[in-house]
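**Student:** One structure follows; several queries about it will come next.
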Amino acid sequence: MRKASLWTIILVACAGAAFATDDALFEEIQPGAYPDMLSQATIAYDKHDYDRAFALNHRTACGGDKTSQAIVGRMYVLGQGTPRDEITGYAWIKLAAEFSYADYTSLARKLEAAMTPEQRTRATAKADAMRRNYGLAATGMSCHAESRHGAYLLDSVVCTPQSTGGGRLELRRCVDESANAAN
């Protein structure tokens with residue numbers, strides 16, 4: 001009986017540690033906060049406030065939003081709001097292409113074609129590492145393609161964070177990318 005009690009305590013302690021880790025990886029937000037983040041990021045980009053646009057898009061990109069991931073990738077490639085970094089830019093765009101949206105996969109292929117084999121190896125490894133943190137499976141993000149113009153052409157990707165069940169959404173936090181670069 002004591003062994004069973006001891007195992008129960010150990011399992012409860014491990015489960016508690018797992019939930020504490022989830023709290024560190026995710027934050028709860030109000031449902032209206034997420035579309036506001038996306039809207040504010042678009043407004044900042046349109047006003048050429050690239051530092052703010054990058055910060056806002058990066059936050060939602062870490063959360064798993066595929067459009068934000070593609071935008072962050074483009075901003076890295078162009079050096080908008082962040083130092084220019086083609087490898088990191090490609091990795092974000094490749095991560096957005098996980099959804100298999102034609103615009104993202106086409107851009108990822110074009111960037112791959114412009115890389116040397118060594119760059120492609122490094123970029124693919126970086127994209128794979130990022131997928132473990134910010135891919136659909138890691139973030140719980142739900143995405144679908146839709147038409148903004150009411151036609152049969154699917155011209156946008158809409159993603160929604162997972163619900164905590166209490167009327168709030170759960171958004172994956174960004175991890176320290178400099179720590180990941182050391183790995």
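**Student:** What is the one condition in (1) loosely packed, with under 15 Cβ neighbours inside 10 Å; (2) touching a strand residue (DSSP E or B) at 6+ places or on another chain (Cβ under 9 Å) that G63 does not satisfy?
**Tutor:** (1)
Here's the yes/no breakdown for (1) crowded, with 21+ Cβ neighbours inside 10 Å; (2) over 15 Å from M130 (Cα atoms); (3) within 12 Å of the chain's Cα centre (by Cα):
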{"position": "I71", "(1), (2), (3)": "yes, yes, yes"}
{"position": "M75", "(1), (2), (3)": "yes, yes, no"}
{"position": "I93", "(1), (2), (3)": "yes, no, yes"}
{"position": "A97", "(1), (2), (3)": "yes, no, yes"}
{"position": "S100", "(1), (2), (3)": "no, yes, no"}
{"position": "T105", "(1), (2), (3)": "no, yes, no"}
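**Student:** From D51, D103, grab the single residue that is in a helix (DSSP H, G or I), touching a residue at least 24 places away in the same chain (Cβ under 8 Å), touching a strand residue (DSSP E or B) at 6+ places or on another chain (Cβ under 9 Å) and over 15 Å from L171 (Cβ atoms).
**Tutor:** Numbers: D51 fails: touching a strand residue (DSSP E or B) at 6+ places or on another chain (Cβ under 9 Å).
Just a single option satisfies the conditions, and that option is D103.
**Student:** If you take the residues in segment 141-174 that are part of a loop (DSSP other than H, G, I, E, B) and either modelled with pLDDT of 85 or more or basic (K, R) (or both), which one is nearest to P35 (Cα to Cα)?
**Tutor:** It comes out as R168.
**Student:** Counting only residues that are crowded, with 16+ Cβ neighbours inside 10 Å and under 26 Å from E27 (Cβ atoms), which one in segment 111-128 is farthest from the chain's Cα centre (by Cα)?
**Tutor:** Step by step, filter segment 111-128, then rank; the result is K126.
**Student:** Determine whether A33 is among the small types (G, A, S) and either out of contact with any strand residue (DSSP E or B) (no Cβ under 8 Å at 6 or more places or on another chain) or free of Cβ contacts under 8 Å to residues at least 12 places away in the same chain (or both). Spell out the reasoning first.
**Tutor:** On the way: among the small types (G, A, S): yes; either out of contact with any strand residue (DSSP E or B) (no Cβ under 8 Å at 6 or more places or on another chain) or free of Cβ contacts under 8 Å to residues at least 12 places away in the same chain (or both): no.
Against the criterion (among the small types (G, A, S) and either out of contact with any strand residue (DSSP E or B) (no Cβ under 8 Å at 6 or more places or on another chain) or free of Cβ contacts under 8 Å to residues at least 12 places away in the same chain (or both)), A33 does not qualify.
**Student:** Okay, next question. What single numbered condition from (1) farther than 21 Å from A125 by Cβ; (2) in contact with an Asp or Glu (Cβ under 6 Å, 6 or more places away or on another chain); (3) in a helix (DSSP H, G or I) fails to hold for S39?
**Tutor:** (2)
**Student:** While we're looking at this one, here's another question. Condition (residue is in contact with a strand residue (DSSP E or B) (Cβ under 9 Å, 6 or more places away or on another chain), under 24 Å from Y34 (Cα atoms) and among the hydrophobic types (A, V, I, L, M, F, W, C)) applied to segment 119-134: is it met by at least one residue? Break it down stepwise before answering.
**Tutor:** Within segment 119-134, the subset in contact with a strand residue (DSSP E or B) (Cβ under 9 Å, 6 or more places away or on another chain) is 133-134.
With the extra rule that they be under 24 Å from Y34 (Cα atoms), the set shrinks to 133-134.
Okay, now just the ones that are also among the hydrophobic types (A, V, I, L, M, F, W, C), so none.
Looking for residues that are in contact with a strand residue (DSSP E or B) (Cβ under 9 Å, 6 or more places away or on another chain), under 24 Å from Y34 (Cα atoms) and among the hydrophobic types (A, V, I, L, M, F, W, C), one finds none in segment 119-134, hence no.
The values are calculated or read from the model by the stated rules, or taken from the named source; none is laboratory data. No experiment lies behind these values; they were computed from the predicted model shown. Note: ideal-geometry Cβ built from the backbone for every residue, glycine included; neighbour counts use all protein chains shown.
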